[in-house]
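These notes concern the structure reproduced below.
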Amino acid sequence: MDAEPKGPASLLFGEAETVERASRELVAQLLLHGYGLAQPPLAADDDGVRADLTPQVARLYDRLGHQRARRMCYCGPALAERVDAPWEEREILQVGAELFGHGELAAAIEVASLAARLLGKAGVKDPHLTLGHAGLLKHVARQTLPDDPERAYEALARKDVASVLEAARPNEKAAALLRHVTAMRGAPAKLDEWFELPHADASFPHEFRDQLKEVAGALAEQEISVSVDVTGAAGAFYHSCVSFALMSGATILGYGGNYATPAGHPACGFSLNARKLPGCCDAPAAEAFAAWDNYRDPAWRAAAARLIDAGRRMEVYGSEADVPADAPSVLAADGKGGWSLESR
């Protein structure tokens with residue numbers, strides 16, 4: 001038998017349907033919120049996998065050649081900018097939205113609020129946002145490893161303080177600061193406490209704390225579940241200010257935050273991996289069960305067609321003996337030459 005083609009892990013039909021259904025719902029909701037659907041040009045890596053769509057959509061905005069605000073959304077296969085665990089696939093189905101032309105905190109609040117609402121609309125269980133701060137993490141990374149701040153940023157985002165210490169070999173005060181920063185996680189009410197640094201000669205710009213407090217407060221006012229993980233939710237290196245992780249329980253679905261386009265225009269957006277949704281959403285349930293061995297009966301076919309036209313989800317088995325005993329409703333003979341949905 002031929003080997004399975006190289007690419008993302010296969011999805012079973014139930015999982016694939018959850019991904020398709022949820023991604024369609026996400027895009028439909030984004031359109032309703034005024035985010036126009038964009039299809040960036042195909043830019044693939046050596047294996048034929050499309051690169052992260054966010055920078056491509058940003059370049060598309062830059063090519064429009066104007067400064068006015070614009071909202072765009074997108075959906076398609078892509079290569080993840082980062083993975084959160086060694087076993088995760090880098091090939092994803094990326095769904096995202098970008099607000100171009102606005103880079104202030106109001107944009108972050110709009111986009112983060114939208115992301116939280118969309119998780120609920122997609123049926124995600126236990127949806128919440130975890131706030132981070134890419135600007136703060138860059139500040140620390142540049143002070144710690146000035147020759148390669150991106151390397152330090154990625155390591156600290158993974159809470160991998162040991163590799164940064166090994167590369168930078170800082171003094172004990174700097175090492176204590178790194179450990180302190182990566183431990184800044186919990187309720188937003190602790191932000192003031194966290195910004196009391198372990199050494200008097202160490203400091204962070206207070207604007208970082210104030211920005212996190214403003215966004216967290218605005219989300220809480222909308223009854224959005226929010227927590228803080230300053231480094232763990234910092235997002236990609238191109239993010240610049242407040243950032244956030246989209247969560248379902250302990251599962252990270254994606255990231256968002258403020259950044260600048262390649263041409264320097266302010267922007268804020270988010271994207272998620274729709275392939276993670278099967279484990280975070282309830283599987284679609286069948287509403288009508290039926291047996292295929294009745295298909296020769298025109299009345300059965302007509303009854304099945306009426307159910308499907310009415311939007312009732314069918315699940316068809318080979319014979320009546322194969323239909324599960326606990327099926328909630330079955331297409332059954334009505335004793336009058338016809339067929340109807342019978343509740344059990």
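Yes/no per residue for (1) among the acidic types (Asp, Glu); (2) within 13 Å of the chain's Cα centre (by Cα); (3) at negative phi:
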| site | (1), (2), (3) |
| --- | --- |
| Glu214 | yes, no, yes |
| Ser225 | no, no, yes |
| Val230 | no, no, yes |
| Gly235 | no, yes, no |
| His239 | no, no, yes |
| Val242 | no, no, yes |
| Leu253 | no, yes, yes |
| Tyr259 | no, no, yes |
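Of these, Ser248, Ser319, Ser271, which one is among the polar types (S, T, N, Q) and surrounded by fewer than 15 Cβ atoms within 10 Å (Cβ to Cβ)? Within the list Ser248, Ser319, Ser271, the selection yields Ser319. Might you let me know whether the stretch 180-201 holds any residue that is in contact with an Asp or Glu (Cβ under 8 Å, 6 or more places away or on another chain) and part of a loop (DSSP other than H, G, I, E, B)? Within the stretch 180-201 (the criterion being in contact with an Asp or Glu (Cβ under 8 Å, 6 or more places away or on another chain) and part of a loop (DSSP other than H, G, I, E, B)), the answer is yes, since at least one residue qualifies.
Yes/no per residue for (1) touching a Pro at 6+ places or on another chain (Cβ under 9 Å); (2) buried (at least 18 other Cβ atoms within 10 Å of the Cβ):
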site: Ala134; (1), (2): no, yes
site: Asp147; (1), (2): no, no
site: Lys173; (1), (2): yes, no
site: Asp210; (1), (2): no, no
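Among the residues of the stretch 315-334, those identified as under 39 Å from the mean Cα position of the chain (by Cα) and not aliphatic (A, V, I, L, M) are Glu315, Tyr317, Gly318, Asp322, Pro324, Asp326, Pro328, Ser329.
Residues of the stretch 286-301 that are surrounded by 12 or more Cβ atoms within 10 Å (Cβ to Cβ) and either touching a Leu at 6+ places or on another chain (Cβ under 6 Å) or farther than 24 Å from Thr18 by Cβ (or both): Ala288, Ala290, Ala291, Trp292, Asp293, Asn294, Tyr295, Asp297, Ala299, Trp300, Arg301. In summary, Val164 fulfils each of the numbered conditions (1) out of contact with any Gly (no Cβ under 9 Å at 6 or more places or on another chain); (2) over 21 Å from Glu207 (Cα atoms); (3) surrounded by fewer than 20 Cβ atoms within 10 Å (Cβ to Cβ) with the single exception of condition (3).
Quick check on the stretch 225-262: of everything there that is of a type in the set (A, V, I, L, M, F, W, C) and not in a strand (DSSP E or B), which residue is farthest from Gln56 (Cα to Cα)? Don't jump to the end; show me each part of the working.
In the first step, residues of the stretch 225-262 are kept if they are of a type in the set (A, V, I, L, M, F, W, C); the result is 226, 228, 230, 233-234, 236-237, 241-242, 244-247, 250, 252-253, 260.
Remaining after also requiring not in a strand (DSSP E or B): 230, 233-234, 236-237, 250.
Values: Val230: 27, Ala233: 22, Ala234: 21, Ala236: 15, Phe237: 16, Ala250: 29 Å.
This residue is Ala250.
Has the stretch 292-299 got at least one residue that is modelled with pLDDT of 90 or more and either in contact with a strand residue (DSSP E or B) (Cβ under 6 Å, 6 or more places away or on another chain) or assigned by TED's automatic domain parsing to the domain that holds Ala97 (or both)? Yes, some residue in the stretch 292-299 is modelled with pLDDT of 90 or more and either in contact with a strand residue (DSSP E or B) (Cβ under 6 Å, 6 or more places away or on another chain) or assigned by TED's automatic domain parsing to the domain that holds Ala97 (or both).
The values are calculated or read from the model by the stated rules, or taken from the named source; none is laboratory data. As the structure is a prediction and not an experimental result, all values here were calculated from the model. All Cβ positions, even for glycine, are placed from backbone atoms using ideal geometry, and neighbour counts span all protein chains on display.
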